[in-house]
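Enquirer: I have a structure I would like to understand better, so I am pasting it below and will then ask my questions one at a time.
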Amino acid sequence: MLDILLECLIVGDSIANGISQANRQCSAVVKDGITSEGWLKANKNHPSYTNNKYKIAVISLGTNDFRTGNTVENLYDIRRNIKAEKVYWILPSSILKPVQRQIVRELSNEFHDTTIDISQQVGYDGIHPPTLTKYKEVGDKIFKK
């Protein structure tokens, strides 16, 4: 394990990918379209995820989970392995993904994390910010605090 505290880590799906593109100073373990189960299986031993401590971590997962049976367990497993002073969760859409949004809210409360609502930044699909500028706005909610 490294003895230094790294700036930031972004993990998750296409929303996380967009945030990482707008905030290149962060380590990113992201993949477009990935479910929480798929992310956990693909990255459970990724060194950026498992071997470092960060000042800030950002999680955007759950939006691609259609069968939510294992979402709680997957997100819990992902979160308990993140070592960061402050963790931010990107809330899934309240209209399109209300169950996943509630799961993320409850889990973030359990870990005393912060949620970020990106509904003011999303585009026509109701899920993703449409431009890099909008992703930068999301990053500013996290990194400009």
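Enquirer: Starting from the 7 Å offset along Cα-to-Cβ, what nm value, one decimal, do you get for the label separation of Arg67 and Asn109?
Expert: So the label points at Arg67 and Asn109 sit 2.8 nm apart.
Enquirer: Among the lysines, which have Cα under 20 Å from the Cα of Lys141 when same-chain residues fewer than 8 positions away are ignored?
Expert: Counting by Cα, and skipping residues close in sequence, Lys141 has these lysines nearby: Lys55, Lys86.
Enquirer: Can you list the aspartates and glutamates whose alpha carbon sits under 19 Å from that of Lys136, skipping same-chain ones fewer than 8 residues off?
Expert: The reachable aspartates and glutamates, counting only those whose Cα sits under 19 Å from Lys136, are Glu7, Asp13, Asp32, Asp117, Asp125.
Enquirer: Continuing with this model, one more query. Which cross-chain or sequence-distant (5 or more) residues have an amide H under 5 Å from the amide H of Val58, H modelled 1.01 Å from N in plane?
Expert: Placed amide hydrogens put Leu9, Ile10, Val11, Tyr88 under 5 Å from Val58.
Enquirer: Tell me the label only: which of (1) 0.93; (2) 1.22; (3) 1.20 is Rg/Rh (Cα atoms, Kirkwood Rh) as calculated from this structure?
Expert: Computed from the coordinates, Rg/Rh (Cα atoms, Kirkwood Rh) corresponds to (1).
Enquirer: Compute the longest continuous run of the chain that contains no exposed chymotrypsin sites (Phe, Trp or Tyr not before Pro); treat a site as exposed when its DSSP state is not H, G, I, E or B and it has at most 12 other Cβ atoms within 10 Å. Mind showing how you got there, number by number?
Expert: On the way: sites that count: Phe66, Tyr124.
Longest gap between qualifying sites, sites excluded: 1-65.
Enquirer: Just to confirm a number: summing +1 for Lys and Arg and -1 for Asp and Glu over residues other than Leu91 whose beta-carbon lies under 12 angstrom from that of Leu91, what do you get? If you can, show how the numbers build up before the last one.
Expert: Values: positive: Lys97, Arg101, Arg105, Lys141; negative: Glu106, Asp113, Asp117.
Residues close to Leu91 contribute a combined charge of +1.
Read the figures in this text as sums done on the coordinates, not as results from a lab. Just so it is clear, the model here is predicted, and its values are computed rather than measured. As a convention, Cβ positions derive from the backbone with ideal geometry for all residues, glycine included, and neighbour counts pool all protein chains shown.
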